[in-house]
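The values are calculated or read from the model by the stated rules, or taken from the named source; none is laboratory data. Note that the structure is a prediction, hence the values are computed from the model and not measured. Cβ sites come from the backbone with ideal geometry, for glycine too, and all protein chains shown count toward neighbours. Keep in mind that these areas ignore ligands, DNA and RNA; they rest on the heavy atoms of the full protein, side chains included. Shrake-Rupley method; radii C 1.70, N 1.55, O 1.52, S 1.80 Å.
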Amino acid sequence: MPFNFNIARKDLLDAVSAQQNIASKKGTLAILSNVLLEVGSNEVVFTGTDLEVSLRQTVSAEVFEQGSLTLPAKKLFELARESRSETVNFKEEEKNWVRISAGSSTYRLAGMVSEEFPQFEHYDEQALADIEAEALCDLIDKTSFSIAADRENMYNLTAALLQKREEEGKTMLRMVTSDGHRLSIMNREAAAMAGLDFGQSILIPRRGVQQLRKFCEELDTCRMGVEQKKLVLKSDSSVLIIRLMEGDFPDFENILRSLPQDNSMIINKNLFLESLKRINLFTEDIFHAIRFEAQGNRLILSSDNADFGSARDEIEITYSGHDLCMGFNCRYFIEALSVLEGDALSASVSSDESPCLISSAADPGFLGIVMPMKLSSPPSIA
């Protein structure tokens, strides 16, 4: 039966904004670029998927006729964004066309039948447990920048490792990411997780991590569960399902055990970050290589660019170890320091060719490791 309903423009925009970020743009199946609209007695259920991430949202509406159809997610988002009418009317016409009225504007949008749209995956409501949304956001913010880009030889690094652990009577969540040249670890106590069980660890793909962050952004708590190789998150009006990756994450524990932490320099984070951004202006675009020289209570940063010239900066540090001269990717430090809390950081380096371990007393859950590089070639720990 053709549908006919009115919906608040703000509610429509909120829904399709999230959906168009998920709708597949790869072109493998044309219908995956659409969002499914299922019109009930007093609500519209919006569903989008790229077969890796699926999102279902329930929105209140004034319904005259019920029905279902899929419409292009991007075009629906653009229409809702540009409209200035408080209410938008959808009326399905013949041959899957939909007439959309918003104030003085009228649009006709071609749809596709709902029967061709993938079924939303079933999940066990009883297997979900309460979790603090802010804790998940914190884990992602402190680690997502070092997830590897999609490359076949680094497939197991194109995801974030999530672990649940018990430490000193506290329930902890730990997220770990690496792109082969750096490692980011964030530990966070998460209360209200009774009943949540997903074994030792799960691997959440990059796109899943991005959508998980958006899903939790404005929530205080949500429901979370892991079952049949998928991660499920549920709020009052939405359900997000992420298909988990298979495989093993590299043994980062062994890396942590092998790193000495006794040769540390204490650096003002803000001064260091500002200096890095200035020096990065004169690095080569691909590797962002800079030279670190620790000499007594001075840290000298320098970079060279074959086309533009060179840069040098110097900041005061607290350091009593031997002199060091190292090469690092400047961007890796900038991204780690941008999420690190506190005014001072500790950078531990044992030799000219050893990794740098970054931490802060004000942010005890975070640990960053940046691998060194030869200034004439890119680094790699993969």
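Per-residue 3J(HN,Hα) values for the stretch 326-334, derived from phi via the Karplus relation 6.51 cos²θ - 1.76 cosθ + 1.60 with θ = phi - 60°, read 9, x, 9, 7, 4, 4, 4, 5, 4 Hz in sequence order (x marks Gly and Pro). Here's how it looks for residue 344: its modeled amide H is under 5 Å from those of 269, which are all 5 or more places away or on a different chain.
The stretch between residue 266 and residue 197, if pulled fully straight at 0.36 nm per residue, gains 20.9 nm over its current Cα-Cα span. Only helical runs count toward this figure. For the chain, summing -39,500 (n - 2.57) over DSSP H runs of n ≥ 4 and dividing by all residues gives -5500 deg cm²/dmol at 222 nm. Per residue, the chain exposes 49 Å² of accessible surface when a 1.4 Å probe is rolled over the protein heavy atoms with every protein chain present. What separates the Cα centres of the stretch 60-103 and the stretch 162-214 is a distance of 39 Å.
Each listed q (0.17, 0.32 Å⁻¹) maps to a log10 I(q)/I(0) for the stretch 123-165, found by the Debye formula over equal Cα scatterers with no solvent: -0.67, -1.10. Taking amide hydrogens as placed 1.01 Å from N in the peptide plane, the amide H of residue 40 sits under 5 Å from those of 45, each at least 5 positions away in sequence or on another chain. Among the listed values (i) 25, 44, 26, 4; (ii) 29, 57, 14, 0; (iii) 31, 59, 10, the one computed from these coordinates for P(r) over Cα pairs in 20 Å bins from 0, in percent is (i).
The simple Förster model, with R0 at 35 Å and r as the Cβ-Cβ distance, assigns residue 154 and residue 227 a FRET efficiency of 0.80.
The translational diffusion coefficient of the stretch 119-239, from Stokes-Einstein at 20 °C and 1.002 mPa s with a Kirkwood hydrodynamic radius over alpha carbon pairs, comes to 145 µm²/s.
For the stretch 230-334, the Cβ-based charge dipole about the Cα centre amounts to some 360 debye (Lys, Arg positive; Asp, Glu negative; other atoms uncharged). Across the options 23, 144, 102, the greatest Cα extent toward the positive end of the charge dipole of the chain (unit charges at beta carbon of Lys, Arg, Asp, Glu) belongs to 102.
Between residue 119 and residue 42, 0.36 nm times their residue separation minus their Cα-Cα distance comes to what?
Extra length from residue 119 to residue 42 when fully extended: 25.5 nm.
Report, in listed order, any pair from 10/230; 164/214; 10/95 with a Cα-Cα distance greater than 23 Å. In this structure, 10/230; 10/95 exceed 23 Å between Cα atoms. Within the stretch 281-382, the trypsin sites (Lys or Arg not before Pro) that combine a DSSP coil assignment with at most 15 other C-beta atoms in a 10 angstrom radius are 374. Here the stretch 37-142 exposes an accessible surface that is 43 percent carbon and sulfur, computed with a 1.4 Å probe and the other protein chains kept in place.
Once the dipole of the stretch 171-301 is set up with Lys and Arg at +1 and Asp and Glu at -1 on Cβ about the Cα centre, which of 201, 263, 242 lies farthest towards its positive end? Result: 242, furthest along the dipole toward the positive end. Look at the alpha carbon pairs under 8 Å that are at least 6 residues apart: their mean separation over the length of the chain gives a relative contact order of 13 percent. Surface composition of the stretch 163-293: carbon and sulfur make up 45 percent of the accessible area, probe 1.4 Å.
Under the simplified labelling scheme, the residue 168-residue 29 pair shows an inter-label distance of 4.9 nm, with each label point 7 Å from Cα along Cα→Cβ. May I ask you to evaluate 6.51 cos²θ - 1.76 cosθ + 1.60, the Karplus curve with θ = phi - 60°, for each residue of the stretch 176-183 and list the ³J(HN,Hα) values in order in whole Hz, giving x for glycine and proline? Karplus-based 3J(HN,Hα) across the stretch 176-183 equals 10, 9, 7, 10, x, 10, 7, 9 Hz. If every alpha-carbon in the stretch 1-89 counts as one equal scatterer, what log10 I(q)/I(0) does Debye give at q = 0.16, 0.24, 0.26 1/Å? For the stretch 1-89, the Cα-only Debye profile gives -0.58, -1.20, -1.33. When you work out D = kT/(6 pi eta Rh) for the stretch 194-244 at 25 °C and 0.890 mPa s, using the Kirkwood radius from C-alpha pairs as Rh and the Stokes-Einstein form, the result is 214 µm²/s. Taking GluC sites (Glu not before Pro) across the stretch 1-106, the ones in a DSSP loop with at most 13 further Cβ atoms lying within 10 angstrom of their Cβ are 86, 93.
Sequence gap at least 6, Cα distance under 8 Å: using those rules, report the relative contact order of the stretch 285-336 to the nearest whole percent.
42 percent
Listed by chain and number, the lysines whose C-alpha is less than 18 Å from the C-alpha of residue 25, apart from same-chain residues fewer than 8 away, are 74, 75. Under a model in which nothing but the beta-carbon of Lys, Arg (+1) and Asp, Glu (-1) is charged, the chain shows a dipole of about 840 debye around its Cα centre.
Counting other Cβ atoms within 10 Å, which GluC sites (Glu not before Pro) in the stretch 219-303 have at most 11 and lie in a DSSP loop?
246
Restricting the calculation to Cα atoms, the stretch 188-297 yields a radius of gyration followed by a Dmax of 20.6, 58 Å. For residue 269, the lysines whose Cα falls under 17 Å of its own Cα, not counting residues fewer than eight places away in the same chain, are 142, 277.
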